[in-house]
1. Do you know the relative contact order of region 33-148, to the nearest whole percent, from alpha carbon pairs under 8 angstrom that are 6+ apart?
2. Pop out the Kirkwood hydrodynamic radius of region 33-148 from its pairwise C-alpha distances, inverse of mean 1/r, in Å to one decimal.
3. Please list, by residue number, everything in region 99-140 whose backbone N is under 20 Å from a paramagnetic label point 7 Å out along Cα→Cβ of ASP32.
4. With labels modelled as points extended 7 Å from the Cα through the Cβ direction, what inter-label distance (nm, one decimal) is found for THR70 paired with ARG57?
5. Would you order TYR43, TYR105 from fewest to most other beta-carbon atoms within 10 Å of each residue's own beta-carbon?
6. Set the Förster radius R0 to 30 Å, insert the Cβ-Cβ distance between GLU152 and LEU87 as r into 1/(1 + (r/R0)^6), and round the FRET efficiency to 0.05.
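Bear in mind that the values in this text are calculations on the coordinates, not laboratory data. Computed from a predicted structure; not experimentally measured. All Cβ positions, even for glycine, are placed from backbone atoms using ideal geometry, and neighbour counts span all protein chains on display.
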Amino acid sequence: MEQTLSCLHPNPGWDDALTISPPSPSQTSATDMVGKHCILELYGCDQRKLNDEAFLRATITMAAKRAGATLLNLTTHRFEPQGVTGLALLAESHISIHTWPENGYAAVDVFTCGDHTMPESACEHLRQQLGAASHAMRSFLRETPSAVAEAERTPCGHAG
């Protein structure tokens, strides 16, 4: 049976009764920066490198080191006839890459928690190693809203 997006629960593990309402101004003040998230678009990359799973594994591993992050696990998958997806699980969060060799394009996501990591360094390493002719990067801070930081939270289905 083919699975479609409409049959997937938008928030796995959440009670159906849970409703999300827009935060009030008092809930949007941040108490702590939890990390930095970088979204990187790489254009005009070396098509052979974008399709080389072993090369990408080594490059992602070094990108994690350049970021000052701890690599916990790395999984990759090479598609036929082309393309690779990779996901590095970091103690600090993750690095992901999705490649389209036929277009010389790679989409990269680097999220690291803590103030000791440098996700921009991971992005720069990936940009250089893939030989991108051009790139675009957006980065933003992930912050803990005070309402979340101060609230007592329990998993669904568990009494508090």
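1. 42
2. 14.1
3. 111-119, 140
4. About 2.3 nm separates the two model spin labels.
5. Numbers: TYR43 13, TYR105 19.
Ordered by Cβ neighbours within 10 Å, fewest first: TYR43, TYR105.
6. Details: r = 32 Å, r/R0 = 1.06.
Once rounded, the FRET efficiency stands at 0.40.
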